[in-house]
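Structure first, then comments.
The values are calculated or read from the model by the stated rules, or taken from the named source; none is laboratory data. Note that the structure is a prediction, hence the values are computed from the model and not measured. Neighbour counts are summed over all protein chains in view; Cβ atoms, including those assigned to glycine, are modelled from backbone coordinates with ideal geometry. We work out accessible area using only protein heavy atoms, side chains counted, and drop any ligands, DNA or RNA first. Shrake-Rupley method; radii C 1.70, N 1.55, O 1.52, S 1.80 Å.
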Number of protein chains: 2
Amino acid sequence: MSEDGINALLLTTAANIAYFSGFQTQFWQSPTRPWFLIVPGHGKPIAVIPEIGAACMARGFLDDIRTWPSPHPTDDGVSLLASTIEEVAGKAGQIGLLMGAETHIRMPLSDLEILRKKLPGAAWADATPIVRDLRIVKSPREIEKISHVCQLVSDTFAKAPQLFATGQTVIEAFRTFKIECLKRGVDDVSYLVGGAGPGGYGDIISPPSEQTLEVGDVLILDTGCVYDGYFCDFDRNYGFGRTSDDAQRAYETVYRATEAGLEAARPGNTCRDLFYAMQKELDAGGALGNAVGRLGHGLGSELTEPPSHAAFDETTLKPGMVITLEPGMAFAPGCNMVHEENIVIRDGGPELLTRRAAPELPIIV
Amino acid sequence: MSEDGINALLLTTAANIAYFSGFQTQFWQSPTRPWFLIVPGHGKPIAVIPEIGAACMARGFLDDIRTWPSPHPTDDGVSLLASTIEEVAGKAGQIGLLMGAETHIRMPLSDLEILRKKLPGAAWADATPIVRDLRIVKSPREIEKISHVCQLVSDTFAKAPQLFATGQTVIEAFRTFKIECLKRGVDDVSYLVGGAGPGGYGDIISPPSEQTLEVGDVLILDTGCVYDGYFCDFDRNYGFGRTSDDAQRAYETVYRATEAGLEAARPGNTCRDLFYAMQKELDAGGALGNAVGRLGHGLGSELTEPPSHAAFDETTLKPGMVITLEPGMAFAPGCNMVHEENIVIRDGGPELLTRRAAPELPIIV
């Protein structure tokens, strides 16, 4: 911040406020009230939040928690926010706001305009790189949480033959999986998407359907379970009874691509290197394209975080980065195959946080 | 839109895009990619979305789905969005954007600035009231979904004496509840917050702690479970072994306040009327304040929606509105009591969607 001449950083979203305050609540699902955190150049952040959050925020490590009665019809925290920013940054300070890729401002746009008018002398700068660079390398404690949830979900996937069967609907299969994850100790099965179809699935972001699992189907479950505020994000594929040679070959291709990714996931290499290492295997395996747009990403207190394993991303891998390897490909019209593992970059080579998927498509009989 | 001279409406958030397209996915939890929906003055909306969403979106009722390869480092959909808006609204059209209370723009702020520059002739208008007025009255199908999830969760709460016990940690109690809700058929226990303490709880938005439930504790669980994209949002309170007279009295006060709310929840009355009807009972019961800032709200595809039962909200109740009644009060320092029921406004009187809470604080022995 000091190097960039930023006097105060204004944060508005769940993950960033949690990162700088320890404040965790599912109440973010209520879009009604805005929440603000101001990070000064020196000293602890200052919370400017609705009264409803004061008791919960006070259990964290912040000392300065300012509240207003929210919701408010004419001034939902904006005046309090403006005066706090001015106190921290002065009348002509430079305020860092996250304006770049993968961000948004979680407050009404009209209130942001009012805030700017209340601070006529302030300059506004994009602080996306500052926050990105801080969050992209995880602390040992963060890695421990991600590792823990990866283990719990790996244990659950190990039970797949007891959880999934033909005759079940996809929605039943997903529900069974959620219950098993909770029993094993995840806090929440926040994210569970996927699909199934004869020979392959059409996409990997859909909610489960009432479709019945049948012999010949390939099922994917892609899950982001949460433990103490941190996500895993990985998937597993299953065939039922028998599967097509095409599906089996596609599975082996993405498996090989993941192996290539593991080999390339070393400090000093870039996300671009990772991408090309995996894409080479996908191309060799006859990939017909990939709608996902990248072959993995960062992971932490959000399901997906920077960087992106894509040709455009030159982020250099560093020890402590937690990332997914997610090679995927279409192998026939409407048929996709996607693998995903979660790893932490270490000196020498990556550490797998997930238990490695089977080298051949597991068949549930 | 036509009355307000708006030629196209630009939507960026999960609930609004789902409302106008039927598109449902938990993939919104990934903050990486922006998604756009353009609602023209006539005809079906047009989706402008990342390639990864094309197959899922195509299962809905839209005909015109435009995609770009995302994430993209220099143009993450902005050019495609600008040309689509211009096609729909013309070079000098008026574009409706949600800028008001309870909204935010889910795209990078820098991309919004670029979009504005790409459309120099366009005017931008706040369309918050248009979307709010549409969504605030629910269709029979929407009410059916909310009613269904309210019933499933009411059934789960009915099992409380078998689910909760002293000696359990709060986190274990919450996990047990989540599993039971899933077994009964909810899609997700998206939101479960609350707390417990001797004689009362300090707030209602915290995640569960490792604290052990003990005799004399009061426990609250406040949950937003989801069924087919629609939420319930209600809570229940339990005492363990014995409870203080103060807690019992506070419980009876908020129960009476809810009764007063049910009496007042009739077409033609306003949210302000509802607020005063409930607040009168809370004041009579010795309420020491209420950090929640209102006594209930709208409910639907989001955990909380407009309106607010508060002195400032003059929204007139209409048949088909689904709302919560949520009277709450502090009754001692650090001790709160909050009730919540979900209802639909009907001619003649409200229909309870939740099974009414017990008139006295239930004691689990």
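For the reader, a short list of remarks on this structure follows.
- A:Val78 falls short on exactly one of the conditions (1) more than 14 Å from chain B (Cβ to nearest Cβ); (2) open to solvent by less than 40 Å² (accessible area, probe 1.4 Å), and that condition is (1).
- Residue among A:Thr253, A:Thr212 that is β-branched (Val, Ile, Thr), in the same structural domain as A:Ala332 (by TED's automatic domain parsing) and more than 30 Å from B:Asp228 (Cα to Cα): A:Thr253
- Subset of the range B:81-110 [farther than 28 Å from B:Thr304 by Cα and open to solvent by 20 Å² or more (accessible area, probe 1.4 Å)]: B:Ser83, B:Glu86, B:Glu87, B:Val88, B:Gly90, B:Lys91, B:Ala92, B:Gln94, B:Ser110
- Residues located in the range A:82-100, provided they are touching a residue at least 12 places away in the same chain (Cβ under 8 Å) and more than 14 Å from chain B (Cβ to nearest Cβ): A:Ala82, A:Thr84, A:Ile85, A:Glu86, A:Val88, A:Ala89, A:Gly90, A:Lys91, A:Ala92, A:Gly93, A:Gln94
- Looking across the range B:33-65, the residues that are surrounded by fewer than 23 Cβ atoms within 10 Å (Cβ to Cβ), within 14 Å of chain A (Cβ to nearest Cβ) and charged (D, E, K, R) come down to B:Glu51, B:Arg59.
- In summary, A:Pro208 fulfils each of the numbered conditions (1) out of contact with any Ser or Thr (no Cβ under 8 Å at 6 or more places or on another chain); (2) within 9 Å of chain B (Cβ to nearest Cβ) with the single exception of condition (1).
- The one condition in (1) within 14 Å of chain A (Cβ to nearest Cβ); (2) under 27 Å from A:Gln24 (Cβ atoms); (3) modelled with pLDDT of 95 or more; (4) touching a helix residue (DSSP H, G or I) at 6+ places or on another chain (Cβ under 9 Å) that B:Asp222 fails to fulfil: (4)
- Any chance B:Ile114 is more than 26 Å from the chain's Cα centre (by Cα) and open to solvent by 50 Å² or more (accessible area, probe 1.4 Å): yes
- Complete set of residues in the range B:62-84 that are β-branched (Val, Ile, Thr), part of a helix (DSSP H, G or I) and either outside the structural domain of B:Gly121 (by TED's automatic domain parsing) or farther than 22 Å from A:Met99 by Cβ (or both): B:Thr84
- Yes/no for A:Ala8 being open to solvent by less than 40 Å² (accessible area, probe 1.4 Å) and away from chain B (no Cβ under 14 Å): yes
- Residue match in the range A:305-324 (condition: of a type in the set (S, T, N, Q), within 11 Å of another protein chain (Cβ to nearest Cβ), in contact with a helix residue (DSSP H, G or I) (Cβ under 8 Å, 6 or more places away or on another chain) and more than 30 Å from A:Ala18 (Cα to Cα)): no
- Here the range B:124-162 is the region considered, the condition is being open to solvent by 40 Å² or more (accessible area, probe 1.4 Å), not aromatic (Phe, Trp, Tyr) and not in a helix (DSSP H, G or I), and the residue that is nearest to B:Leu299 (Cα to Cα) is B:Val137.
- Cβ pairs under 7 Å, 6+ apart, first in the range B:231-249 and closer than 30 Å to B:Gln24 by Cβ, second open to solvent by 40 Å² or more (accessible area, probe 1.4 Å): B:Phe231/B:Glu302
- Whichever residue in the range A:11-32 is aliphatic (A, V, I, L, M) and touching a strand residue (DSSP E or B) at 6+ places or on another chain (Cβ under 9 Å) and, among such residues, is nearest to the other protein chains (Cβ to nearest Cβ): A:Ala15
- Filtered residues of the range A:292-327 (kept if in contact (Cβ under 8 Å) with a residue 24 or more places away in the chain, of a type outside the set (S, T, N, Q) and open to solvent by 20 Å² or more (accessible area, probe 1.4 Å)): A:Glu302, A:Pro306, A:Ala311, A:Phe312, A:Glu314, A:Lys318, A:Pro319
- Subset tally (residues that are hydroxyl-bearing (Ser, Thr, Tyr) and farther than 12 Å from B:Leu361 by Cβ) for the range B:233-268: 1
- A:Gly185 meets each of the listed conditions (1) within 10 Å of chain B (Cβ to nearest Cβ); (2) on the phi < 0 side of the Ramachandran plot apart from (2).
- The set of residues in the range A:217-250 being farther than 30 Å from A:Phe20 by Cα, outside any strand (DSSP E or B) and open to solvent by less than 10 Å² (accessible area, probe 1.4 Å) consists of A:Ala247, A:Ala250.
- The strands (runs of 3 or more DSSP E) located wholly in the range A:288-347 that include 2 or more residues which are assigned by TED's automatic domain parsing to the domain that holds A:Ser147 and over 19 Å from A:Leu221 (Cα atoms) occupy A:305-308.
- Those residues of the range B:328-348 which are open to solvent by 10 Å² or more (accessible area, probe 1.4 Å), at pLDDT 95 or above and farther than 30 Å from B:Phe240 by Cα, in sequence order: B:Arg346, B:Asp347
- Condition check for B:Gly202: within 12 Å of chain A (Cβ to nearest Cβ), more than 18 Å from the chain's Cα centre (by Cα) and closer than 14 Å to B:Arg236 by Cα: no
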